[in-house]
Structures are given as structure tokens and as C-alpha cells.
Amino acid sequence: MMDLKQLVEKTKELDATAASLIKTSAIRFSDEFRNLCEQNTCGKYGTNWMCPPAAGSYEALKAKVLKYSEGVVFQTVHKLQDSFDLEGMMEAEETHEKTFRKIYDYIQSNSGGDNVLALNAGVCKVCKQCTYPEGQVCRYPDKAVSSVEAHCIDVNALVTACNIPYINGPNTVSYVGLFLF
């Protein structure tokens, strides 16, 4: 079993702005997030193996998370030129993805990757074009990652439970990842 307190510190060394331990019993879920998925608010519903509906039902995803006892939440915070800086937001998302992958690689190389559920911000970004829904299987199931939101986890409540601010000031954007053990 990986030393999660040490992982929190390592996560910060690997460019996370903030990181903290959380017990899965403290994670709040809401089926309202599934409703947002079904309304296609992010434009990815039904286009990716790691997103609804392919990822599973609300009940199945919640049960999947609750199989784990604790985890590490991390956040990256990025400065923007202004609140309309879409290019800056996209660059920040790429930077967050790189940070997530560095942390995940560290976890996999130091724990064998066994018995860890990795959840990131937004849609899985492993492939430029997912094989879903053409009926093919995921090309990279060992690399594909679902999102915190797809698992109906309240991200605001998640970071708040860890004393990590959800809002980090004007002209910033923040992204959250979660590793469960």
C-alpha cells in the first residue's frame, strides 16, 4: 500500500497547487451531475467510453468509488489574462492533464497501479477520437481515465472537505483530480 501522506507531498512536487487526503466516506455525490451529463452541457455525452452513458449508471459509478477507502485530491490553479481568456483556459487544461499524468505515472511505478481509481477533470484525453459509440472497445483501457464529474462527485464539496479553495481569485481557472486507494 502506498503511503498517502507521502503521495500528497509528492503530488505538490509534481506541480499540483494543492493536495490533500480524503476518506471516501466524506465524498458527496449528486445525481444532478448525471442530469447535466444527459443534457450534454459539456458536449461530450455519448462520445467517449469514459463518459456517460458508457461509463455506467449513477448507482454503479457511486458504488465503484465507495469500494475504495481513501484518496488524494489535488488541484492545479492557473492564471488567466481575464475571465474571457479561452485560450488560457485551454492551455491550463493541457497543463493540468500533464500534471495529472505525471502523478498517475508516479503512482503506477510505485504501487504497480493496482487497486487505484484515477479520476481527472473533464473528458478522457488519451485519444484524439474515441472509438465510442461505434461498438469497438477502448484502445487504451490501461490509460483511459474517467472524470470526477462523470462519477457524480460534487467537486466543490470535495475540495472544500479538504480545505482547498474551490475559487482561487479573479482571472484564474482551477482543475481537480482524484486518486482513490
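Placing +1 on the Cβ of each Lys and Arg and -1 on the Cβ of each Asp and Glu in region 14-133, which of TYR132, THR17, PHE74 has its Cα farthest towards the positive end of the resulting dipole?
About the Cα centre, the residue reaching furthest to the positive side is TYR132.
Label-point separation (nm) for LYS5 and ASN110, each offset 7 Å from Cα along Cα-to-Cβ?
Calculated label separation equals 1.4 nm.
Hand me the tally of lysine pairs in the chain: alpha carbons under 18 angstrom apart, and the pair either on different chains or 8 or more positions apart.
21
Using +1 on the beta carbon of Lys and Arg, -1 on that of Asp and Glu, and nothing else charged, what's the dipole of the chain about the Cα centre, debye to 20?
Numbers: 18 positive and 22 negative charges, 82 e Å.
Roughly 400 debye, rounded to the nearest 20.
For the chain, what's the relative contact order in percent, using C-alpha pairs closer than 8 Å and at least 6 residues apart?
Details: 286 pairs, mean separation 66.1, N = 181.
So the answer I get is 37 percent.
Roughly how big is region 86-181's charge dipole about its Cα centre, with Cβ charges of +1 (Lys, Arg) and -1 (Asp, Glu), in debye to the nearest 20?
Numbers: 7 positive and 11 negative charges, 39 e Å.
Here region 86-181 has a charge dipole of around 180 debye.
Going by how many other Cβ atoms sit within 10 Å of their own, how do HIS151, HIS78 line up, fewest first?
Numbers: HIS151 24, HIS78 19.
Listed from fewest to most nearby Cβ atoms, that is HIS78, HIS151.
Once the mean 1/r over all distinct Cα pairs of region 131-181 is inverted, what Kirkwood radius in angstroms do you read off?
Numbers: mean 1/r = 0.0734 Å⁻¹.
About 13.6 Å, per the Kirkwood formula over Cα pairs.
So for region 4-180, considering every pair of alpha-carbon atoms, how many percent are separated by more than 31 Å? Can you show the working numbers first?
Working: 1632 of 15576 pairs.
Value for region 4-180: 10 percent of Cα pairs lie more than 31 Å apart.
Mean residue ellipticity at 222 nm from the helices of the chain, using -39,500 (n - 2.57) per DSSP H segment of n ≥ 4 over the full residue count, to the nearest 500 deg cm²/dmol?
On the way: 5 runs with 59 residues, N = 181.
Value at 222 nm, helices only: -10000 deg cm²/dmol.
FYI, it's all coordinate maths here, none of it is from the lab. Just so we're clear, the structure is a prediction, and the values are computed from it rather than from any experiment. Quick reminder, even Gly has a Cβ in these numbers, built from the backbone with ideal geometry, and neighbours come from all protein chains shown.
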